[in-house]
Structures are given as C-alpha cells and as structure tokens.
Amino acid sequence: MNDDQLLRYARHILLDELGIEGQEKLLAAKVLVVGAGGLGSPTAMYLASAGIGHIILADHDTVEISNLQRQILHTTDRLGHFKAESGRQTMLALNPSIKVETRTLRMDQTSLDEEIRSVDLVVDCTDNFATRHAINRSCVMHQKPLVSGAAIRFEGQISVFDPRLPDAPCYHCLFPEAEDVEPVSCATTGVFAPLVGIIGSMQAAEAIKVLAGIGTPLAGRLLILDALDMQWHSVRIRRDPGCGVCHKQVA
C-alpha cells in the first residue's frame, strides 16, 4: 500500500482482525454487485469506501424519481441515467483510487456465467427470483461465495452461500425455484427506506468478512429483520440433499 492508502484505510488497519494484511486482500479483490437500487446503493458505497479494488456494478434500469426515496447512490440530477453509471460516479467520487466497471444490459445466465467466473465474490442486490436463481447457479458452478439480501415492506433478509464450504447450502436449498411463485416488488407493495440501508450495509459487511477471511460469516444462517418492531430472527439453513443445483454439482 502507498501512503495515501495507508491514510485512507487507517481505521481498518487499526483493527487487529483486519490489519494491513486484510486490507491488502480487499484491495486485491474483484467483486460483482448485481443491482444498483435500494440494496445495491449502500452495498456498493461501503465496498467502494472500504477499498475493494475492482468492483463490477450491473444494472440495466435507469434512475426514476420514485427510486430516490431509498436508492442513495443516485441524485435528482441523474434522472434517466443508467443506475450502474450513476452508481459508478458516486463510488468514484467517494474513492477515486478503485476500479469500477459497469454493465448496463440485462444479465442472463450466459452473461452471469462470464462475469462470475472472473470475480472473487458476488453480492446479489436484485429484486426478482429469476435473477437470484440464475446468480446462484453461476456461483455454485464456479464455486464463488454469494452474499444475498432481500427487502420488502418492513422485512429484510440476508445470508451468505459459500459453495467452497463442505455441506454448504445454496440459495436454491432455501428457496426452491418454482414457476408458480408470484413476483413481489417495491413498486406494488412499498418498502421502508432505511430497511434497504440496513440490509445493504450488512451485505457489504459480510462481503468484506469473506474476502478478508475474518469473523464468522452468515454461511448456513438466514437473518430476518422485522424493522417495524426491530426484531431479529436467526434461522439455520441446511443443504437440501435433493437440491437440483448444489447437490447436482457435488454429486
């Protein structure tokens, strides 16, 4: 690290669990963040501020005025801009020493496979099951850790799925893919603005822990937050022996 980096990341370096070695791991890391909306905003900002050296921010949507209630990556003067490009601008204003790439086309299974193959970790900040399952399949295939978050109304969820760990469950083990699942979106049900900030910040924290190799990540656990009553619940997750994704991969 150079002198500027030593100053910028000094409060991380002071942490015994992280130190210079941990910070250097963050600087060398490459992370894919899928989604630059409510969850992706705090996730991307904290990954950028923490010094993740190379971040790919993927989102095909553009900024709308209704996003600004919670999507803090974006500003009023960027209405109509691609969220990924707007997010890149905010991230580099916060930390110009990192590399931020953008993807503004809708990602399908093929493009996800190409991107996930080359990164160290994926953060899923999307809001639909089809994309979440596609991301999970690629992470299992390429043995990449996945930090998954969700937020709707007043309820948030977060977990880590790390296929490198023995007997680790995947996202499909927890939420099996089904054609009869009706999509639920913020546009139709609403979402409490600070909720996405809480869950997104935790996604960044879990990503940093996994990349630096510190603490105990949320692998095998699902944290559920009821923000209306501010109650947390922790649920153990086990690998489904009949899972058509991770069980098939290790069989």
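Since every read-out is calculated from the coordinates, none of them should be taken as a lab result. Please read all numbers here as calculations on a predicted model, not as lab measurements. Don't worry about glycine lacking a Cβ; one is built from the backbone with ideal geometry, like all the others, and counts go over all protein chains shown.
Points to keep in mind about this one:
- Beta bridges by DSSP in the chain, antiparallel share as percent, to the nearest 5: 50
- Qualifying GluC sites (Glu not before Pro) for the stretch 35-117 [loop in DSSP, other Cβ within 10 Å: at most 15]: Glu64
- The HN-Hα couplings worked out from phi for the stretch 158-173 by the Karplus form 6.51 cos²θ - 1.76 cosθ + 1.60 (θ = phi - 60°) are 8, 7, 10, 10, 10, x, 6, 8, x, 6, 6, x, 10, 4, 5, 4 Hz, whole numbers, x standing for Gly and Pro.
- Rounded to the nearest 20 debye, the dipole magnitude of the stretch 3-250 is 280 debye, with +1 charges on Lys and Arg beta carbons, -1 on Asp and Glu beta carbons, and the Cα centre as origin.
- The stretch 136-147 - phi-based ³J(HN,Hα) in whole Hz, Karplus 6.51/-1.76/1.60, Gly and Pro as x: 4, 4, 5, 5, 5, 4, 9, 6, 10, x, 10, 9
- When only alpha carbons of the chain are considered, Rg and Dmax amount to 17.4, 55 Å.
- Direction-averaged projected area, Cα convex hull, the stretch 1-60: 4.3 nm², rounded to one decimal.
- Hull-based mean projected area of the stretch 196-239, where the convex hull spans the alpha carbons, in square nanometres: 3.6
- Sum of -39500 (n - 2.57) over DSSP H runs of 4+, divided by residues of the chain (222 nm, nearest 500): -11000 deg cm²/dmol
- Qualifying trypsin sites (Lys or Arg not before Pro) for the stretch 65-160 [loop in DSSP, other Cβ within 10 Å: at most 11]: Arg106
- When the Cα positions of Pro194, Ala29, Gln71 are compared along the charge dipole of the chain, Ala29 comes out farthest toward the positive end, with charges on each C-beta of Lys, Arg, Asp and Glu.
- For the stretch 116-128, 3J(HN,Hα) computed residue by residue from phi via the Karplus equation (6.51, -1.76, 1.60; θ = phi - 60°) reads 5, 4, 9, 9, 8, 7, 10, 10, 8, 10, 8, 10, 9 Hz, glycine and proline entered as x.
- Top positive-direction residue, dipole computed over the stretch 70-138 with Cβ charges, set Ala130, Ile98, Ser86: Ser86
- When you filter the GluC sites (Glu not before Pro) in the stretch 1-48 for DSSP loop state and at most 14 other Cβ atoms inside 10 Å of their Cβ, you are left with Glu17.
- DSSP assigns beta bridges within the stretch 145-215; of those with both partners inside it, close to 90 percent run antiparallel.
- Entry note, the stretch 3-250: relative contact order of 20 percent, from Cα contacts under 8 Å with a spacing of 6+ residues.
- Between the alpha-carbon centres of the stretch 114-143 and the stretch 1-39 there is a gap of 22 Å.
- Charging the Cβ of each Asp and Glu at -1 and of each Lys and Arg at +1, and nothing else, the dipole of the stretch 113-213 about its Cα centre rounds to 320 debye.
- Length, then width, then depth: along the principal axes, the Cα atoms of the stretch 56-113 run 34, 30, 16 Å.
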